[in-house]
1. If you take the residues in the stretch 64-73 that are within 15 Å of residue 267 (Cα to Cα) and either in contact with a helix residue (DSSP H, G or I) (Cβ under 7 Å, 6 or more places away or on another chain) or aliphatic (A, V, I, L, M) (or both), which one is surrounded by the fewest Cβ atoms within 10 Å (Cβ to Cβ)?
2. Scan the stretch 199-211 and report the pairs whose first residue is hydroxyl-bearing (Ser, Thr, Tyr) and whose second residue is assigned to a helix (DSSP H, G or I), with Cβ atoms within less than 7 Å and a gap of 6+ or a chain change.
3. Quick check on this structure: which one of 154, 247 is touching a helix residue (DSSP H, G or I) at 6+ places or on another chain (Cβ under 9 Å), at pLDDT 95 or above and under 30 Å from residue 97 (Cβ atoms)?
4. Hey, any hits in the stretch 254-262 for a residue that's surrounded by 12 or more Cβ atoms within 10 Å (Cβ to Cβ), touching a residue at least 40 places away in the same chain (Cβ under 8 Å), under 29 Å from residue 116 (Cα atoms) and over 20 Å from the mean Cα position of the chain (by Cα)?
5. Taking residue 236 as the residue in question, decide whether it is out of contact with any helix residue (DSSP H, G or I) (no Cβ under 9 Å at 6 or more places or on another chain) and at negative phi.
6. For residue 188, state whether it is assigned to a helix (DSSP H, G or I) and aliphatic (A, V, I, L, M).
7. Quick one: is residue 263 under 25 Å from residue 98 (Cβ atoms) and either in a helix (DSSP H, G or I) or among the small types (Gly, Ala, Ser) (or both)?
8. Which of the residues belonging to the stretch 134-148 are free of Cβ contacts under 8 Å to residues at least 40 places away in the same chain and surrounded by 14 or more Cβ atoms within 10 Å (Cβ to Cβ)?
Amino acid sequence: MSKIGFFGAGNMGLPILKAAVKLLGAQEVGFFEKNDTRAEYVTGLTAAKRYESEEALVKDCEYILFAVKPQMASAVFEKVAPVITEKNRFVSIMAGVTTDRIREAIGTKAPIVRLMPNTPAMVSEGMTSMCLSGCDADSAEAKFVESLCCSFGRVVLLPESLMSAATCANGSSPAYVYMFIEALADGVVKYGIPRDTAYILAAQTVLGSAKMVLESGEHPAKLKDNVCSPGGTTIAAVEALEANGFRNAILMATAACYDKGVELSKVK
């Protein structure tokens, strides 16, 4: 019997699968993937076992991790429900799919751990939000999934009522950061800096600034103030950002992301 089996090995599922292999060993990790080309790629990359059917994976794995698109959830649940047993535990990274929906669809009283990871998990710098259903933070299930998440970044435990908000904070937000890096690079390319160099300057600055927030213990506003010399270039730039709605744009993006997450969570 394998420790954990994955339904899906896409952009988000694959980095977690790779982390599981590193943490547990390839013999403890399996996956189900219909596309032969993708399956061969995953097997070649990780040496994890490919299962030929959804049912075979569930029968042979203790933990079942749902890493498919939310719109595919119902089809997967239909395959899983008839073959689950008391030994199975469940983990989901499907955006907007609540633990209540999973529990109802597959008819289980087993622990369910819901995660909202992000794509920086690909470089072991992921940020994952986690909520629990049917177990507590001291349970074996919570500790196992926490250790898995820590193997590719950081993890925080939240109540499920805050998971839509967490999607805004860590799930979707890498896209905004990439847009910021691209825009900042465009801004200096205009003045003659080569594009490749511009991306390095912008990306490393974002990386370093984030590390300052995490490791210094200072409020982000204080760190910002430390860069803003009186009458200098930075405060002039901050003034322009404020005048052009920088903060409001982020707040509006967060609201749109949150509303969509709530909408998805209501889908049956």
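1. Out of the qualifying residues, it is 72.
2. What qualifies is 199/181; 199/185.
3. Step by step, each of 154, 247 is checked, and only 154 is touching a helix residue (DSSP H, G or I) at 6+ places or on another chain (Cβ under 9 Å), at pLDDT 95 or above and under 30 Å from residue 97 (Cβ atoms).
4. No: zero hits.
5. Judged against the criteria, residue 236 is a match.
6. Values: assigned to a helix (DSSP H, G or I): yes; aliphatic (A, V, I, L, M): yes.
Yes: the conditions hold for residue 188.
7. So residue 263 passes the test.
8. 134, 135, 139, 142, 146
The values are calculated or read from the model by the stated rules, or taken from the named source; none is laboratory data. All values reported here derive from a predicted model rather than from experimental measurement. Quick reminder, even Gly has a Cβ in these numbers, built from the backbone with ideal geometry, and neighbours come from all protein chains shown.
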